[in-house]
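The structure under discussion appears below in the form of structure tokens.
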């Protein structure tokens, strides 16, 4: 399973999904111009990896 790391900006949060160490973190503010397009990589990653993540204990961190 691949990691998902997106560096943040003033209008988009930093996203780090690293399943090997159970790190699922979204930090920063979210004011994207086109939310559907900008969050598409996140939704694609979730769709691709959801089957492997089932039945695992996941910890999500949301920080501003």
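State all residues of the stretch 10-33 that are more than 13 Å from the chain's Cα centre (by Cα) and assigned to a helix (DSSP H, G or I); if no residue qualifies, say none. Across the stretch 10-33, the qualifying residues are 20, 21. Here is the figure for the stretch 39-64: residues that are part of a loop (DSSP other than H, G, I, E, B), in contact (Cβ under 8 Å) with a residue 12 or more places away in the chain and farther than 16 Å from residue 23 by Cα total 1. Checking the stretch 3-24 against the condition returns a match, with at least one residue being touching a residue at least 40 places away in the same chain (Cβ under 8 Å), surrounded by 11 or more Cβ atoms within 10 Å (Cβ to Cβ) and under 19 Å from residue 63 (Cα atoms).
Each reported figure results from applying straightforward, stated rules to the coordinates on display, with no laboratory input. If you're wondering where the values come from, they're calculated on a predicted model, not measured in any experiment. Here Cβ is always computed from backbone atoms with ideal geometry, including for glycine, and neighbour counts include all displayed protein chains.
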